[in-house]
Amino acid sequence: MSTALREPPDLTADAGSGIVARRAVIRWAVRLFRREWRQQLLIIAMLTVAVAAMIVATSVAASTRGESTQAVFGTGNTIVTLPGTDPHLETDIAGISKRYGPADVIESQDLRTGANVQATLRAQDPRSPLGKPMLALVSGSYPEGPGQVALTSQLASLYGVSTGGTWRYGDRAWRVTGIVENPSNLLDEFALAAPGQLATPEQVSILLDVPGQVHLTGLPTSANVATPDDNAFQTGPSPAVVVLVVSVIGLVFIGAVAAAGFAVLAQRRLRALGMLSSLGATEGDVRLVMVADGAATGAVAAVIGAVVGFGAWFAYAPHLQAAAAHVVDPLAVPWPVIAGGIVLSVVTAMVAAWQPARAVARVSVMAALSGRAPSPRAARWPAVAGAAALAAGLVLLAFSGGWGGQGAKDTAFLGVGVACAAGAGFLLAPACIRVLAAAARPRAAVAIRIALRDLSRYRARSGAALSAVSLAVFLAILTCLVASYRFANPLDWTGPNLASNELLVQPGGASGQATEPPVVQALATQVHAASVLPLDQAGLPSYPGAARLWQVRSPGALANDFTGDVYVATPALLARYGIKQSQIAPGTNVLTMRPGLAEEPHMELTICPDIEGLPAQLAREGLRLPPCPAHATIDNPKIQTISGLPSGTSEPNTLITMYAVRQMRLQTGTASWLIQAPAPLTATQISDARAAVVALGGQIETKSGQVSIAQIGDGASAAGICVALVMLAMSVGLVRSETAGDLRTLAATGASARTRRAITAATAGALGLLGVILGAATACLAVIAWAHGSLSAVFMNVQGIDYLLILAGLPLAATAGGWLLAGREPPVITRQPIE
C-alpha cells in the first residue's frame, strides 16, 4: 500500500499527495463504500428522499404556475369586447376584423346553472389559430351546426348528460356532441356552440394579434380593450426557484444529520485511517477518503432519488391537473433547476463528510491506532455566531413589512430573516446540550447522568440531531402562528364557508320578500330541515347593494377591505344563535364574531359605494348615482364582538343592528335563506336543490373545500412531530451505537434492562425537550419580530392543542419510544471490530 500511495519522483515534488496517491486513496474509499454500504443506509435513505421530494416538488411548482395569458387571450395579445346590445354589432365586428385582423370572434352569454358555478354559453370557431389554446377536445367531436353543443366535464356532470345526450337549457334542447375544456384554465366552465348559433349574445369578444406599437383607434364608444397585464400574470419569482430554495434548506437540514452519520463512520474507521497515516498518507489523503466516500454516497442517493422522484412525478402528473387548473405536460419541467438540485445533493453529502474528515485527519497516529476518539473541545464561537444570526434575523424580519410587506426588499428581508432565525438553531445546539448536561448533573439519576454525559461527549452527533429536531419544530410552530395570523384577519375572513349540513339559497327575484318563496319551502321539506333562517340585508332603493363595512386608508379614499355580507340582526336571527337583546350594548351599530374587528381603526358603515370603476360602469349602462345622503354613513361605528355568531365566511358572522338601520334610515328585505339539515347533505340532495332554483335564476351554495385553521394547525403539528421523531430515532441510534461498548460493560456488571431502557429514553427525551424549546423559542421570536405591529392578531386565534402536542407530546413520545425500543441485552459482552 505504501508504494501505491506515492507517486514517482518525476511527477511531483510532494511524494505523499500526488495524482497517483489521490487515485489510490479514492479507489480505496470506493472499496470501503462497497464493503460498508449497509452502515450508510441511513444517510443514503435521507438523501434519496430529499432528491425525490425536490424533483416532485419542483415539478409540481412549475406545473402549478399562475394564470396564463393563453387562458384568456389565446395566442393573441388584445381583446376588444362589445356589448350584445350594440345596435351596429355586425358592422362594428366587421370593421375591427378588417382593420386589425385576423380575428377570432367569440359570442357568449352567461349560464344560470343554479349553483355557485360561473359558466357561459359560448359560440367560437375551434379551428381559429388565435383561440386554439383556449379549446381542446376531450372526447366526441366539436359542434358543427344548429342545435349542437359541447360541454365541459363539470357542466356535463352538473346537468347529468353525456356525449350523444340532450342538454336542455331554457326552452331549447341541444344535442351534446362532445366534452371540451380550456387546457390553459380547467376552471373555465362553458358550453360550446358552433359560430353564429347565439341569436342574442350578451357579449362579443374579438381576439386580435396587434403589434406592440399599434394603438387601436376608431373603435365604438361601447368597446372595451384589454391587453395582458404582466403584473396580473407574473408575480414574484418562479415557483420552481422557490422550491429549489426550500430544497436547499431541506438539504441543510438533512446534511446536519448526515454529518453526524459520517462522524460515526469516521470513528468506526479510525484505526484503518490511522494505519493509512502510518504508511505515509498526509492529512489531505485522510480527508480525501471521507470526502470521496461522501461523494459516492451522494451519487448513489442522487441516482436512486432521481429514479424514485421521476417515477412518482409521472404517476402523479395526471392527477395534478385538477389542482393546477390547466393541462399538465409531465416533460415540461425546469430541467436546469432539477439538475442543480441533484448536484446539490451530492455536494451536501461531501460537505457533511468534510467536517468529520477534518477532525479525524488531525488525530495522531497513535490515538487513531488505539481507536480512541479525541475529547471534544469547547468552542464558544458557534454560540456567539448563533446569537448573532438570531439577532440579525429578528432585525431583518422586523423591517420586512409584516403581512402586508411587498416589493423585492421586503421579500429579501423576509427570506433572509427566516433563514437566519432557522440557522441560529444549528449554531446554538451544542451550547444548549452543554447547558443541559451541566444543569442536570448534580441531582439526576445515574441513567440520566450517563445519557447527558454521552450527549455532551458526542456533541458532533447530538448537536446535529438537536439542530434537525429544532428546525422541524421551528417550521411547525412557524406554520401554526402564521396560519393563526392569516385566519385572524378580521377584515379578510378566511375559512370554511358553511357547515356540511347547511344550504344557502338565493332565489332570483326573491329579494325583499317577507315570506319564504315556494322553492325554499320545497327545499326545506326535501332535506328535512331542522330550521330555515331568513337572512335580511339593509339598503336604500336608490343605491345598488346593501350596507357593508369599509376601512378608510387615506382621506377621501375607501378601500373594500371587508369580505363577506353584512346581514341584519333580526330577532329571528338572534334567537337562532341564542343571543339575547340584553347582551347587546346600547348604541351598538355592528355585531360580529370576528376577533379584532372591533379594534380596527378608521371603519365606516355605509350604503354609498366607492368602488373603483363603478361610476364609469354605471355611466356606460346609462345610470347615474344620486348624491349620497349624509345619514347613510356612520363613521367609526360601534362594533361589539359576540362569540355566539357562526364563523363561516358565508354565514351571518357580522350583523348590522336594528338601531343602526333606524339611524341610517335604511330598508330591510330578505336576500337569502339559510337551511340547516339534521345531517350532512348528500350529492343527490344538492343536485335536486340546484335544479329547483335554476328555473328562478337563483343559485345555492354548499360547503366548499376551504380548510380551517384547526386543520392547518393539526397538519403542521403532525408533520413536525413525525419528522422530529424520525430524526430523533436516527440520531439516538447514532449516539447509542457510539456507546455500545459502554452498554456491554454495564450489562456485564449487572445493569438491568430497566437501566438500559432509561439511558436510551433519557437520551431521546433530552434531545426532544431541547429541540422543542429551541425551535419554539426561535419561531415565536421570529413571528413577534415580523408582526410586531399586530401581536394581538397573531396570538388571539392560537389553537392551544396544536402547541401542546408539539411542546409536550414530542418529548413524551421521544421518551416513550426510546424506552420501548431499547433494553435488549447485547448478544456478546465484548466484540472488537476487526479492521
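The values are calculated or read from the model by the stated rules, or taken from the named source; none is laboratory data. Since the model is a prediction, treat every value here as computed from it, not as a measurement. Cβ coordinates were reconstructed from backbone atoms using ideal geometry, including for glycine residues, and neighbour counts include every protein chain displayed. Ligands, DNA and RNA are excluded from the accessible area calculation, which covers all protein heavy atoms including side chains. Shrake-Rupley method; radii C 1.70, N 1.55, O 1.52, S 1.80 Å.
Solvent-accessible surface of the range 137-197, taken per residue with a 1.4 Å probe and all protein chains present: 44 Å². At a Cα cut-off below 26 Å, give the lysines reachable from K98, other chains included and same-chain residues fewer than 8 away excluded. Counting by Cα, and skipping residues close in sequence, K98 has these lysines nearby: K132. Descending by average beta-carbon neighbour count within 10 Å, the peptides 161-168, 540-547, 412-419 line up as 412-419, 540-547, 161-168, the highest first.
Taken one residue at a time, the phi angles of the range 535-542 give Karplus couplings (6.51, -1.76, 1.60, θ = phi - 60°) of 10, 8, 10, 10, x, 10, x, 8 Hz. Gly and Pro are set to x. Summarising the amide proton neighbourhood of L535: residues at separation of 5 or more, or on other chains, whose placed amide H is nearer than 5 Å comprise A671, S672, W673, L674.
For a protection proxy built on the mean count of beta-carbon atoms within 10 angstrom, sort 590-598, 634-642 highest first, please. Write out the running numbers ahead of the final one.
Numbers: 590-598: 20.9, 634-642: 16.7.
So the order, starting with the most tightly packed, is 590-598, 634-642.
Scanning residues 5 or more positions from N497 or on other chains, those with amide H under 5 Å from its amide H are T649, S704, Q706, with H placed 1.01 Å from N in the peptide plane. Sequence-ordered 3J(HN,Hα) estimates for the range 159-164 from the Karplus curve with 6.51, -1.76 and 1.60 and θ = phi - 60° stand at 9, x, 10, 9, 4, x Hz, glycine and proline given as x. Annotation: amide H-H contacts under 5 Å for Q124 (H modelled 1.01 Å from N, sequence separation of 5 or more, or interchain): A193. Built from the Cα atoms of the range 40-186, the convex hull projects on average onto 13.3 nm², one quarter of its surface area. Computed over the range 108-215, the range of Cα coordinates on each principal axis works out to 48, 29, 27 Å, biggest value leading.
Note that the range 676-681 has calculated 3J(HN,Hα) couplings of 10, 8, x, 9, x, 6 Hz, one per residue in order, obtained from phi through the Karplus relation 6.51 cos²θ - 1.76 cosθ + 1.60 (θ = phi - 60°); glycine and proline are x.
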